[in-house]
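The block underneath contains the structure these notes are about, expressed in structure tokens.
Only the coordinates and a few stated rules stand behind these numbers; no lab work does. Quick caveat, the model's predicted, so the values are computed rather than measured. Glycine also receives a Cβ, built like all others from the backbone with ideal geometry; neighbour counts cover every protein chain displayed.
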Amino acid sequence: MKRITAILSASGLVLAFALPIWAQEGVQLPTHTVTFSGTVETINHDNRAVTIKTADGKFDTIKVPASAKRFDELKVGDKVTATYNNNVAVRMHPPGTPPIDTVSKASTMGQEERPGGAAMVQQTLTATIAAMDKSTSAITFVGPNGWKYSRHVVDPTVFDKVKVGDQVDISWNTDLTVKVE
């Protein structure tokens, strides 16, 4: 379950960049989707940890955040399904325009008959290319509030299209749906 926890907790930084050819109109990258399902086997209320048995017989432990208000309603034997989607778009930031740093959130978590629900985050930010290393095929970005991210570049032609100091707008929509039966 560590893989699901890592995916969910890092959603703000995942930005599953393949860094394809950028154009002024932007590039929509393929949606990254992870689905997880299984049966609740154990619940540790003190540590807010739930062990799930998946269909293939494996056991994974999920740390449930304090923001999950209906944690105490989970029971051994409950069937849990979680689906996480991450959509990313990258475009060159138009010169002379102010940087972007917007976030909007919506959630129905805890509002349904059973624990679970849906949560969505839409974020767009302007980042500056701080470094490019062709020998390791990596680009480093910096953005607002000390945000820094380095990523391996799959398509080496990207290095011919951008330079250190260029600004890009990175937009991503992330949604999580959790269903408990």
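At what distance in angstrom do the alpha carbon centres of segment 53-83 and segment 88-117 lie from each other? Centre-to-centre distance over Cα atoms comes out at 25 Å. The gain in end-to-end length when the residue 56 to residue 160 segment is fully stretched comes to 32.9 nm, 0.36 nm per residue minus the alpha carbon separation. So, in nm, how far is label residue 118 from label residue 151 when the simple model puts each one 7 Å beyond its Cα toward the Cβ? Using points 7 Å along Cα→Cβ, the separation is 2.6 nm.
Sort largest first and round to whole Å: the equivalent ellipsoid semi-axes of segment 77-118, each the square root of five times a Cα gyration tensor eigenvalue. Let's see the in-between values first.
On the way: eigenvalues 273, 36, 4 Å².
After diagonalising the Cα gyration tensor, the semi-axes are 37, 14, 5 Å.
Remind me, relative contact order of segment 103-181 in percent, using alpha carbon pairs under 8 angstrom and six or more residues apart? Relative contact order comes out at 36 percent. With 23 Å as the limit, write out which pairs from 58/179; 69/105; 53/179; 79/105 have Cα-Cα distances beyond it, or answer none. Violating the 23 Å Cα-Cα cut-off are 79/105.
Near the amide H of residue 49, within less than 5 Å, lie the amide hydrogens of 44, 64, all on another chain or at least 5 residues away, with H placed in the peptide plane.
In units of the rule-of-thumb radius 2.2 N^0.38 Å, segment 63-181 shows an alpha carbon radius of gyration of 1.42.
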